[in-house]
Amino acid sequence: MYIIGGTTSEKIAKDLCKDLEASLVKTTSKRFPDDELYIRILDDISKKHVVIIQTTYPDQKIIELFLLQDAVKEAGAKKITVVIPYLGYARQDKKFKDGEPVSAKAIAKLISLNADKVITVDPHKEYILDFFTIPAFSCSAVPEIAKYLKRKKIDMILAPDKGALDRAKKASTIIKCDFDYMEKTRIDGETIEIKPKKLDAENKNVAIIDDIISTGGTMAKSIQHLKKNGAKKVIVSCTHGLFAGDAIKKLKSAGAIEIISTDTIQGPYSKVKISPQITPFFNNY
Ligand code: R5P
């Protein structure tokens, strides 16, 4: 099996090559004067099963994925599997208002054109997998995040909304601690409201877990609520750390003592590796 790491996911590609004893494909890339991307595959991958790993965020990285897929197809690969650690555009998974696109479906259909199989991590909603026109699978980062949190002496895991409840439950089983959830209403992209609720957080070390941290608004409100309920220390954790704008500042000033994300999006808070959850998909190769 041959693995190509797009520029968003070079580390994951190396981790997978090591775990699966696969070959890392050499590629080269440059920008044309008008900033268009040029890529080239340097190894012979004809008749091989090729795995491309690329997060589809930010927008430019989607183009890079499309070009890699086309290059692999043109080079005569036998089978193409695309691993998308973070599937961007997944939150627009339906038409909320007339005239809007279903962005998640639009991206999924295009990725499906030059691939035989897709694997992604904690998609915003599982039904997004049905938007791909090829077999699509997901895995979860929760076991890896929970293993990391276990070392932090956590008393309680909190889901910031009902959508994250299953994640919190799963993590609490691994950590062997309590869990609870809050009820969130999203007003717009930057504003949320959290329904007041009594949390049994007095003097506890609490970790909040979510799939995405974007503006940090959800987490910041949750931290404030926990603090009001007497929490001692609050850690925030997520699979996909987008940390848009001043999200980090917001989290720190709300009182987060640690910020944790996985490497589905590479950054200074990517403390948890996702590769152990991806390798089992390829164990039979
Ligand atoms: C929403 O349903 C997601 O699970 C996250 O809670 C949300 O995307 C976080 O966004 P933000 O950090 O901007 O509040």
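The values are calculated or read from the model by the stated rules, or taken from the named source; none is laboratory data. The structure displayed is predicted, hence computed values, not measured ones. Note that each Cβ is placed from the backbone with ideal geometry, even for glycine, and that neighbours are counted across all protein chains shown. Surface areas here come from the heavy atoms of the whole protein model, side chains and all, with no ligands, DNA or RNA. Shrake-Rupley method; radii C 1.70, N 1.55, O 1.52, S 1.80 Å.
Let me know the volume per residue of the alpha-carbon convex hull for the stretch 198-285, in Å³. List each step's numbers first, then the result.
Numbers: hull volume 8.9 nm³, N = 88.
Cα convex hull per residue, to the nearest whole number: 101 Å³.
Can you give the extra length, in nm with one decimal, that the chain gains between Ala244 and Ile134 once fully stretched, where that is 0.36 nm per residue apart less the Cα-Cα distance?
Numbers: separation 110, 0.36 × 110 = 39.60 nm, distance 3.14 nm.
That pair, Ala244 and Ile134, stretches by 36.5 nm at full extension.
Rounded to the nearest 0.05, what FRET efficiency do Tyr38 and Arg186 have when you use their Cβ-Cβ distance and R0 = 51 Å?
Given R0 = 51 Å and the Cβ-Cβ separation, E is 0.80.
Determine the alpha carbon to alpha carbon distance for each of Lys18/Lys78; Lys26/Lys78; Lys169/Lys198; Lys169/Lys249 and list only those over 20 Å. Before the final figure, lay out the partial values.
Numbers: Lys18/Lys78 22 Å; Lys26/Lys78 18 Å; Lys169/Lys198 18 Å; Lys169/Lys249 28 Å.
Those over the limit are Lys18/Lys78; Lys169/Lys249.
Quick one: which of Lys105/Lys250; Lys221/Lys271; Lys14/Lys61 span more than 21 angstrom between C-alpha atoms?
Numbers: Lys105/Lys250 32 Å; Lys221/Lys271 23 Å; Lys14/Lys61 19 Å.
Over 21 Å Cα-Cα: Lys105/Lys250; Lys221/Lys271.
Scan the stretch 195-242 for trypsin sites (Lys or Arg not before Pro) in coil per DSSP, keeping those whose Cβ has at most 14 other Cβ atoms within 10 Å, and list them by number. Don't skip to the answer; put the middle values down first.
Numbers: sites: Lys197, Lys198, Lys204, Lys221, Lys227, Lys228, Lys232, Lys233; in loops: Lys197, Lys198, Lys204, Lys232.
Qualifying residues, ordered by number: Lys197, Lys198, Lys232.
Give me the percent of the accessible area of the stretch 36-78 that comes from carbon and sulfur atoms, probe 1.4 Å, all protein chains in place.
Details: 1050 of 2180 Å².
Roughly 48 percent of what the probe reaches on the stretch 36-78 is carbon or sulfur.
Would you kindly derive the ³J(HN,Hα) couplings of the stretch 38-45 from the backbone phi angles with the Karplus curve 6.51 cos²θ - 1.76 cosθ + 1.60 (θ = phi - 60°), listing them in order in whole Hz, with x for Gly and Pro?
So the Karplus estimates, Gly and Pro as x, are 10, 9, 8, 8, 9, 9, 7, 10 Hz.
At R0 = 22 Å, how high is the FRET efficiency between Glu193 and Asp166 if r is their beta carbon distance? Nearest 0.05 is fine.
Values: r = 22 Å, r/R0 = 1.01.
Efficiency at R0 = 22 Å is approximately 0.50.
Ignoring ligands, DNA and RNA, what accessible area per residue does the chain give at 1.4 Å, in Å²? Mind dumping the intermediate values first?
Details: 13880 Å² over 285 residues.
Ligands and nucleic acids excluded, the figure is 49 Å² per residue.
Sorted by average packing, counted as other Cβ atoms within 10 angstrom per residue and highest first, what order do 27-40, 123-136, 142-155 take?
Values: 27-40: 10.4, 123-136: 16.7, 142-155: 18.6.
Final packing ranking: 142-155, 123-136, 27-40.
If you roll a 1.4 angstrom probe over the protein chains with everything in place, what fraction of the accessible area of the stretch 172-280 belongs to carbon and sulfur, to the nearest %? The partial results should precede the final answer.
Values: 2490 of 4890 Å².
Carbon and sulfur together cover 51 percent of it.
Whole-Hz Karplus ³J(HN,Hα) for the stretch 119-127, in order, using 6.51 cos²θ - 1.76 cosθ + 1.60 and θ = phi - 60°, x for Gly and Pro?
10, 9, 10, 5, x, 3, 9, 4, 5
Calculate, in whole percent, how much of the Cα-Cα pair population of the chain lies beyond 34 Å. Mind dumping the intermediate values first?
Numbers: 9588 of 40470 pairs.
For the chain, the fraction of Cα-Cα distances above 34 Å is 24 percent.
For a quick check, take a GNM of the chain with Cα springs below 10 Å and name the residue from Gly245, Gly216, Gly267 with the largest mean-square fluctuation.
Gly245
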